[in-house]
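**Student:** One structure coming up, written as structure tokens, with questions to follow.
The values are calculated or read from the model by the stated rules, or taken from the named source; none is laboratory data. In this text, all values refer to a predicted model and were calculated from it rather than measured experimentally. All Cβ positions, even for glycine, are placed from backbone atoms using ideal geometry, and neighbour counts span all protein chains on display. Side chains are part of the model used for accessible areas, which takes the heavy atoms of the whole protein and leaves out ligands, DNA and RNA. Shrake-Rupley method; radii C 1.70, N 1.55, O 1.52, S 1.80 Å.
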Amino acid sequence: MPRWLSGQLLVASPTISDPHFARTVVLVVDHDDDGALGIVLNRPTDTVIEVAVPDLAEMFDADEVVHEGGPVQPEALLTVAEFRDPAEAALLVLGRIGMVRGDDDAERPLVDRARAYAGYAGWAPAQLEQELEEDDWLVLDARPDDLFQPDASRLWHLALERLGGPFALLAHVPEDPSVN
């Protein structure tokens with residue numbers, strides 16, 4: 001079965017007003033006839049991994065924080081990692097980058113870098129396609145460094161700049177243009 005937009009980035013159009021997705025960049029983890037699953041990449045929290053999930057801390061840099069991955073099941077923790085052995089991924093998304101298995105008993109895989117997300121974004125069958133037709137999202141090829149951007153909160157701006165042309169100009173428009 002095709003995984004249409006899997007491994008791509010969805011960059012929120014500046015017109016999206018839904019607070020869950022305004023100015024977000026979403027990695028599409030899986031997309032097929034049954035719908036789509038993604039993770040919001042650019043919403044870091046103040047919660048340090050070491051405090052939130054000490055059992056997983058060894059996979060992360062010492063100061064790594066949990067990110068808001070989306071509005072669906074915010075109590076669920078999903079981990080994306082760059083695997084040394086891609087066969088250890090529960091699902092590969094982009095090159096050696098994939099989802100870490102959620103088995104508590106599983107041995108922790110060797111990873112070069114990892115990031116944890118609370119919750120995820122989900123779309124019903126044909127919902128994402130409709131949103132794309134309505135120009136709610138811009139599609140951009142994901143790069144491994146997008147997923148591990150040191151200042152994740154800047155990813156929306158960086159993605160628009162990468163799209164170039166008029167999108168690069170939109171990257172610099174304030175959230176509320178009336179305060180400019």
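**Student:** Taking only DSSP H segments of four or more residues, each worth -39500 (n - 2.57), what value at 222 nm results for the chain once the sum is divided by all its residues, to the nearest 500 deg cm²/dmol?
**Tutor:** -4000 deg cm²/dmol, from helical runs alone.
**Student:** Going through segment 9-111, which GluC sites (Glu not before Pro) have at most 15 other Cβ atoms within 10 Å and a DSSP loop state?
**Tutor:** Those that pass, being in a loop and sparsely packed, are Glu107.
**Student:** A further question follows. Please check: in the Gaussian network model of the chain (C-alpha springs, under 10 Å), which one of Pro144, Pro86, Pro19 has the largest mean-square fluctuation.
**Tutor:** Taking springs between Cα atoms under 10 Å, the residue moving most is Pro19.
**Student:** Additional query: Return the tail of the calculated pair distribution for segment 33-180, meaning the percent of Cα-Cα pairs more than 25 Å apart.
**Tutor:** 34 percent
**Student:** Simple spin-label model, 7 Å along Cα-to-Cβ: Leu169 to Ala87 in nm?
**Tutor:** For Leu169 paired with Ala87, the spin-label model returns 5.3 nm.
**Student:** Residues in segment 69-86, backbone N under 19 Å from the label point at Ala124 (7 Å along the Cα-to-beta-carbon vector): list them, ranges by number please.
**Tutor:** Zone members listed by number: 71-73.
**Student:** Stretched out fully, how many nm does the piece from Asp18 to Asp151 gain, at 0.36 nm a residue minus the Cα gap?
**Tutor:** Between Asp18 and Asp151, full extension yields an extra 45.6 nm.
**Student:** Under a 1.4 Å probe, what is the accessible area of the chain per residue, stated in Å²?
**Tutor:** For the chain, the solvent-accessible area averages 53 Å² per residue.
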